[in-house]
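One structure is given below, encoded as structure tokens.
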Amino acid sequence: MIDKRFFISSCDDMELGIKRTSKLEYRLSSPQNPKAIFFIIGGFGTNADLRMMDFTRKQIASKFDVAAVNVLYHCFCCRRNDLEQQYSAQIAILEEDKANLIKLCQALALPYENLGVSEILKRIEESIQKEKKKGNLVKDFRINTLTYTLLPPNEEYQNYGIMAALDHINVLKDLKTHGGGGKLPVIYAGGCYGGYLAHLIAKIAPHHTNAVIDIACAPLPFFEMFMGRALGHGEFFINTDDFSIHCFTKTFWNENNFTKAHYEIRSLLTPSHLQIQKTHCEHIHYVSYHSSEDEFKTAKDKKLLYEIYEKMGFKAKLHLAKKEDIDHKIIRDLTHGGISNHRVFLKELPLLLKDFERGKFPLQNASISYPCEDKTFIFKDEGNAYTLRIR
């Protein structure tokens with residue numbers, strides 16, 4: 001078994017005109033003669049403990065004789081990792097976070113000038129504790145107006161979707177050009193944001209995609225994950241006895257520069273784009289598992305997407321889990337995280353490998369364009385890179 005890490009150049013941010021400053025890392029586990037290239041795409045929080053990611057990749061590669069790949073894509077490290085600091089986002093209090101802190105101090109009539117953040121938080125905490133002891137506040141009361149900002153390493157930030165998808169295709173081209181994966185089928189698989197990226201890769205690079213395995217992804221951009229501050233709702237919360245702190249990943253997107261065009265290219269349900277996909281994606285196998293009671297209310301969108309896929313002639317199958325489908329193995333429960341990514345992979349990957357037996361899947365050079373309001377997004381092969389051009 002080969003088990004290696006690689007660092008390559010990848011895409012810049014063409015939408016915001018930001019030059020990338022770091023190399024892209026990917027990890028490969030593979031037998032000498034793999035049957036396919038299988039990308040396991042991590043979602044938000046995968047970086048919190050990379051040991052499980054590495055274990056799963058190695059197990060899949062060994063069990064199914066595939067080249068299993070994890071890409072540490074742009075803004076992959078958007079959560080804390082207490083074991084490996086180089087893969088950890090750092091918690092920071094930026095100007096907008098300080099403004100919320102000052103407003104709270106003013107509301108509580110507490111001094112804040114010439115004090116550090118930790119001292120201010122300590123004084124607020126002491127004030128809340130006093131009021132709880134007096135019975136003026138219930139014991140489980142928490143302040144929920146404070147915010148933290150998560151700073152990913154390597155000067156990264158939340159682009160949401162496009163750069164992460166391009167990173168996977170650039171890794172694929174590196175593997176097929178230099179790694180000997182020349183004529184292998186390519187399968188992208190992931191849960192939640194990872195599943196969304198798998199679909200987005202198929203949209204912007206159908207000639208580099210043979211199959212998508214998804215668990216519980218949202219077909220439409222999930223604003224809380226890249227513009228939550230504007231919505232007033234954190235991506236996740238840090239809870240203490242006295243605080244429920246909204247946490248946001250660093251991003252340059254806001255309500256002024258994220259336009260309809262940027263939304264449309266990220267949406268899997270843009271009607272005109274689905275028509276363009278129809279002529280490019282008919283060869284792709286799509287399989288998805290989704291809870292009918294997903295608390296993020298995305299089941300309706302997923303059902304619509306797969307109905308469109310089927311009407312367009314795509315090889316698409318949606319398993320929309322209901323109460324009677326709970327088997328405590330694949331379907332543990334009907335929450336957003338209640339479907340096992342790993343068990344879905346174990347079930348669906350061998351079926352796809354059987355379908356792809358003896359097929360030839362050479363590396364192709366092509367392009368695909370999507371008109372979006374006042375812009376056209378052009379994705380194309382340019383030498384050893386897969387690029388985005390906007391005109």
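The values are calculated or read from the model by the stated rules, or taken from the named source; none is laboratory data. In this text the structure is predicted, and so the values were computed from the model without any measurement. Every residue, glycine among them, receives a Cβ derived from its backbone with ideal geometry; neighbour counts consider all protein chains shown. Each accessible area value is taken on the protein alone, full model and side chains, heavy atoms only, with ligands, DNA and RNA left out. Shrake-Rupley method; radii C 1.70, N 1.55, O 1.52, S 1.80 Å.
Pairs linking a residue in region 374-386 that is of a type outside the set (S, T, N, Q) to a residue that is open to solvent by 70 Å² or more (accessible area, probe 1.4 Å), with Cβ atoms under 6 Å and 6 or more positions apart or on different chains, are ILE378/ARG389; ASP381/ASN365. Which of the helices (runs of 4 or more DSSP H) found entirely inside region 193-272 contain at least 1 residues meeting this: at pLDDT below 95? In region 193-272, the matching helices (runs of 4 or more DSSP H) lie at 224-231.
Going by the structure shown, is PRO271 open to solvent by 50 Å² or more (accessible area, probe 1.4 Å) and within 19 Å of THR376 (Cα to Cα)?
Numbers: open to solvent by 50 Å² or more (accessible area, probe 1.4 Å): yes; within 19 Å of THR376 (Cα to Cα): yes.
So PRO271 passes the test.
Exactly one residue out of LYS133, LYS122 is surrounded by 12 or more Cβ atoms within 10 Å (Cβ to Cβ) and assigned to a helix (DSSP H, G or I): that is LYS122. Among the residues of region 17-55, those that are assigned to a loop (DSSP other than H, G, I, E, B) and surrounded by fewer than 14 Cβ atoms within 10 Å (Cβ to Cβ) comprise GLY17, LYS19, THR21, SER22, LYS23, GLN32, ASN33.
Go through region 78-105 residue by residue and tally those that are part of a loop (DSSP other than H, G, I, E, B) and either closer than 14 Å to CYS247 by Cβ or not hydrophobic (A, V, I, L, M, F, W, C) (or both).
Restricting attention to region 78-105, the residues satisfying the condition of being part of a loop (DSSP other than H, G, I, E, B) are 78-84, 88-89, 93-94.
Now drop any that are not either closer than 14 Å to CYS247 by Cβ or not hydrophobic (A, V, I, L, M, F, W, C) (or both), which leaves 78-82, 84, 88-89, 93-94.
Residues that pass the stated criteria total 10.
Would it be correct to say that GLU324 is out of contact with any strand residue (DSSP E or B) (no Cβ under 9 Å at 6 or more places or on another chain), surrounded by fewer than 20 Cβ atoms within 10 Å (Cβ to Cβ), of a type outside the set (Lys, Arg) and not in a loop (DSSP other than H, G, I, E, B)? Answer is yes for this residue.
THR177 - would you say it is among the β-branched types (Val, Ile, Thr), in a loop (DSSP other than H, G, I, E, B) and touching a Leu at 6+ places or on another chain (Cβ under 8 Å)? Lay out the reasoning, then the answer.
Details: among the β-branched types (Val, Ile, Thr): yes; in a loop (DSSP other than H, G, I, E, B): no; touching a Leu at 6+ places or on another chain (Cβ under 8 Å): yes.
For THR177, the condition - among the β-branched types (Val, Ile, Thr), in a loop (DSSP other than H, G, I, E, B) and touching a Leu at 6+ places or on another chain (Cβ under 8 Å) - is not met.
Here is the figure for region 273-310: residues that are aromatic (Phe, Trp, Tyr), closer than 23 Å to PRO185 by Cα and part of a loop (DSSP other than H, G, I, E, B) total 0.
Here is a list of conditions, (1) over 16 Å from the mean Cα position of the chain (by Cα); (2) more than 18 Å from VAL71 (Cα to Cα); (3) among the β-branched types (Val, Ile, Thr), and ILE187 meets all of them except one; can you say which number that is? Condition (2) is where ILE187 drops out.
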